[in-house]
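Working notes for the structure below.
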Amino acid sequence: MFGFSSEEEWRSTARTLPSVLADIAKSKAGCKFREAIVVLWTQMTRAPAPIIHSYSLITESRISKAAEYFESQCGHPAWGFVVEDTDSCDAIVEKIGGLLRALEILYMSTSALGSLPADPVDQWLIRHGDAEVYVVPLARNAWRRAPRPEADMRPFWQRGLTRLRILPVAVDGARVRLYPLPGEFGRTRDPVFGAAVFPGLTLDVAPDDGRFHVRGVQAPDFEANILNACERSHRDGCLAAVFPELTIDDASLRAMKVALMRKPWGGPAVGSGRTPAFIVAGTWHQPCGDHFANVASVLDGNGFELFTYRKRFAFRHEQVPENIVPGDELPILVTGYGLITIAICLDFCIRSVALPFPHLDVDFVLVPSFGNAATMDGHLRTAYDLLDRCKTRSFVVQQVPVEEGGCALVLPPATEAQHRPKAVPQPECWRSYPG
């Protein structure tokens with residue numbers, strides 16, 4: 001999808017919206033509210049930046065007043081939406097904002113949304129023109145109380161829709177895929193995230209015709225620390241536990257799956273009665289044709305694989321690139337605690353290209369990583385960008401090379417005032433952080 005080339009082009013297209021919406025409103029299909037929402041959302045998100053910014057100059061009380069009007073026009077063509085030739089761009093934005101809010105309210109009040117559908121991809125996919133998106137009935141996590149309506153001037157990305165999310169089906173050459181977390185949709189609790197790291201860890205790096213891959217990993221008490229982390233994730237009642245990049249080889253992954261299935265420490269989480277919802281089981285270089293893929297396995301709390309994610313950007317170590325083929329999927333876990341996606345190290349800290357995360361509108365990004373302080377600095381800058389734009393929180397678990405000292409750096413999923421990486425000293429292999 002491409003944006004409009006000028007304000008006049010955007011305004012000209014906006015004048016056609018009433019007829020487009022009128023055609024949608026005549027439809028008997030149950031998706032008419034969502035289709036109309038997608039049309040309006042697309043008109044806004046393709047607008048030149050000054051037009052999108054103008055939404056943040058309109059108070060929530062004005063948006064709500066406009067929404068009340070359009071709700072009262074529910075039986076009229078195009079829900080009463082009219083664009084006059086004399087309307088300014090600001091006036092059109094206010095009308096779009098009000099109708100978006102009204103349609104959202106109407107859709108949520110007429111749909112059975114108490115449970116996750118059998119096939120959310122099929123149920124939530126909406127196509128209109130060249131737009132193909134998921135309309136996900138899950139509000140954003142509210143990290144802090146919203147301002148009073150008369151003082152609420154948050155930007156469009158944080159307030160354009162308050163009860164729904166619109167996610168692209170594809171972005172940046174990768175397919176967006178939704179993975180519902182069974183038994184977790186509709187549940188809420190204060191999320192806790194666990195970080196599992198390895199004191200004294202070293203990698204066995206193999207050369208590959210001008211590239212490299214990791215063929216082995218060693219650390220004191222390695223297997224014991226993996227099992228301890230699995231147990232602690234249960235006992236601490238974690239929503240998720242994350243192991244670092246390139247630390248969980250195939251044998252360790254098999255052992256982790258068995259431990260999560262059998263739970264030799266004595267059953268469910270002490271004090272919480274829950275297993276962790278899922279575990280990001282580090283990553284490993286797995287053969288992929290003549291190359292490798294840097295693969296993260298995501299398991300549920302009983303050791304069953306939910307999905308795998310392949311790193312998209314190859315790292316360079318002393319100018320020697322990682323011998324991997326890039327992944328072509330962006331997974332999103334759908335949970336009652338919000339939408340959660342995964343990135344691997346450079347996927348999150350690279351600064352030379354635009355990243356897809358602002359388009360995904362997720363609540364959390366979980367990042368297994370391997371690197372030094374400069375790597376974490378890149379993670380921190382991306383995390384700040386996402387926090388500013390859409391209030392997404394980032395949780396980075398980064399193993400630090402032995403030669404860099406220490407054991408690991410962890411970026412907790414915190415607010416602006418607390419968004420600082422925490423050093424994990426050598427003796428520690430587990431910490432948990434409230435979300």
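The values are calculated or read from the model by the stated rules, or taken from the named source; none is laboratory data. Everything quoted here is computed from the prediction, not taken from an experiment. So basically every Cβ, Gly included, is an ideal-geometry build from the backbone, and we count neighbours across all protein chains shown. Each accessible area value is taken on the protein alone, full model and side chains, heavy atoms only, with ligands, DNA and RNA left out. Shrake-Rupley method; radii C 1.70, N 1.55, O 1.52, S 1.80 Å.
Could you point to the residue in Q319, V295, T275 farthest towards the positive end of the range 268-361's charge dipole, with +1 and -1 charges on the Cβ of Lys/Arg and Asp/Glu respectively?
T275
Please give the FRET efficiency for M261 paired with S352, using the beta carbon to beta carbon distance and R0 = 35 Å, rounded to the nearest 0.05.
My answer for the efficiency is 0.25.
Per residue, how much accessible surface does the chain expose to a 1.4 Å probe? Answer in Å², no decimals.
Numbers: 18560 Å² over 435 residues.
Averaged over the residues of the chain, the accessible area is 43 Å².
Quick one: what do you get for the range 320-366 if you divide its Cα Rg by 2.2 N^0.38 Å?
So the Cα radius of gyration is 1.29 times the expected 2.2 N^0.38 Å.
With +1 assigned to the C-beta of every Lys and Arg and -1 to the C-beta of every Asp and Glu, and no other charges, what is the dipole magnitude of the range 352-435 about the Cα centre in debye, to the nearest 20? Could you put the intermediate results ahead of the total?
Working: 7 positive and 9 negative charges, 34 e Å.
Once rounded to the nearest 20, the dipole reads 160 debye.
Could you let me know the centre-to-centre spacing of the range 317-357 and the range 7-23, using Cα atoms, in angstrom?
Centre-to-centre (Cα) distance: 36 Å.
Assuming a viscosity of 0.890 mPa s and a temperature of 25 °C, what translational diffusion coefficient in µm² per second does Stokes-Einstein assign to the range 331-396, Rh being the Kirkwood radius over Cα pairs?
My calculation gives 207 µm²/s for D.
What number in nm² do you get for the range 282-435 if you take the convex hull of its Cα atoms and divide its surface by four? Could the numbers behind the result be given before it?
Numbers: hull surface 40.2 nm².
So the mean shadow area of the Cα hull is 10.1 nm².
Among the complete DSSP H segments of the chain, which ones combine at least 27 Å of alpha-carbon extent along their axis with a mean Kyte-Doolittle hydropathy of -1.0 or more?
Going by DSSP H runs, the hits are 89-110.
Out of the total accessible area of the range 332-426 (probe 1.4 Å, heavy atoms of protein only), what percent is carbon and sulfur? Walk me through the numbers before you get to the answer.
Working: 1540 of 2840 Å².
Here it works out to 54 percent.
Taking the C-alpha atoms of the range 58-150, how large are the radius of gyration and the largest Cα-Cα span, Dmax, in Å?
Here Rg and the maximum Cα pair distance are 15.6, 47 Å.
Which of A408, L253, P264 sits closest to the plus end of the dipole of the chain, meaning its Cα is farthest towards the positive end, when Lys and Arg get +1 and Asp and Glu get -1 on the C-beta?
Result: P264.
Taking the range 145-270 as the region of interest, what is the percent of Cα-Cα pairs per 5 angstrom bin, listed from the shortest bin to the one with the maximum distance?
P(r) for the range 145-270, in whole percents per bin: 2, 7, 12, 13, 13, 13, 12, 10, 8, 6, 2, 1, 0.
When the distances between all Cα atoms of the range 195-236 are binned every 10 Å from zero, what whole-number percent does each bin get?
Values per bin, smallest distances first: 26, 37, 25, 11, 2.
Would you mind listing how long the chain runs along its three principal axes, going by Cα atoms, in whole Å with the largest first?
Cα spread of the chain along its principal axes, largest to smallest: 71, 48, 41 Å.
Could you compute Rg(Cα) / (2.2 N^0.38 Å) for the range 370-435, with N its residue count?
The range 370-435 yields a ratio of 1.11.
Using alpha carbons only, what's the Rg to Rh ratio of the range 221-332 with Rh from Kirkwood? Intermediate results must be reported in sequence, preceding the final value.
Details: Rg = 15.2 Å, Rh = 14.8 Å.
When Rh is taken as the Kirkwood radius, the ratio is 1.03.
Name the aspartates and glutamates eligible as straight-distance cross-link partners of K26: C-alpha to C-alpha under 18 Å, and not fewer than 8 places from it in the same chain.
Those aspartates and glutamates meeting the cut-off are E35, E71, E104.
Where does the Debye-calculated log10 I(q)/I(0) of the range 6-124 sit at q = 0.23 Å⁻¹, using only Cα point scatterers of equal weight, no solvent?
After summing over all Cα pairs, the log10 values are -1.38.
Over the range 27-70, what number does the Rg to Rh ratio reach, with both radii from the alpha-carbon atoms and Rh per Kirkwood?
1.06
Divide by every residue of the chain the summed helix terms, -39500 (n - 2.57) for each DSSP H run of at least 4, and state the resulting mean residue ellipticity at 222 nm, rounded to the nearest 500 deg cm²/dmol.
Values: 13 runs with 134 residues, N = 435.
Taken over the chain, the calculation gives -9000 deg cm²/dmol.
Return the distance in nm (one decimal) between the two label points of a simple spin-label model at V169 and E68, each offset 7 Å from Cα along Cα→Cβ.
Each label point is offset 7 Å from its Cα along the Cβ direction, giving 3.9 nm.
Please tell me the relative contact order of the range 198-355 in percent, rounded to the nearest whole number, where contacts are Cα pairs under 8 Å and at least six residues apart.
Taking the mean separation of contacting Cα pairs over the length of the range 198-355, I get 19 percent.
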